[in-house]
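A short write-up of the structure that comes next.
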Amino acid sequence: MNQAKAYEVRTSKDKPLVTNKTSGIRNISWSEREQNFIVSLKRHGKYFKRRAKTLKEAIRIKEEMVAEAEKFFGEKIYKEKK
């Protein structure tokens, strides 16, 4: 593959931004080995990581972890959606 074509593939605008290939939700992935969802955040070199049995539970845990990280660092992690 030539350089120009490789660049075009990497920067294709018709492809969605990468979230997570196993769950479709950023910071949540499925562990086949553990049979659990893993919720993982990294902020300023500090990791926040927990596990959940269901996707619904993982989403709830992610919201709690984001609030915990925002409180810990005193800053917003995700911008408000309009």
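No value in this document is a laboratory result; all are computed from the given coordinates. Keep in mind that what you see is a predicted model, and the values were worked out from it rather than measured. So basically every Cβ, Gly included, is an ideal-geometry build from the backbone, and we count neighbours across all protein chains shown.
Beta carbons closer than 7 Å, at least 6 apart along the sequence or on distinct chains, pair a first residue in the stretch 59-80 that is within 18 Å of residue 25 (Cβ to Cβ) with a second that is part of a helix (DSSP H, G or I) and among the charged types (D, E, K, R) for 77/70. Among the residues examined, residue 60 does not qualify as surrounded by 15 or more Cβ atoms within 10 Å (Cβ to Cβ) and either among the polar types (S, T, N, Q) or under 22 Å from residue 22 (Cβ atoms) (or both).
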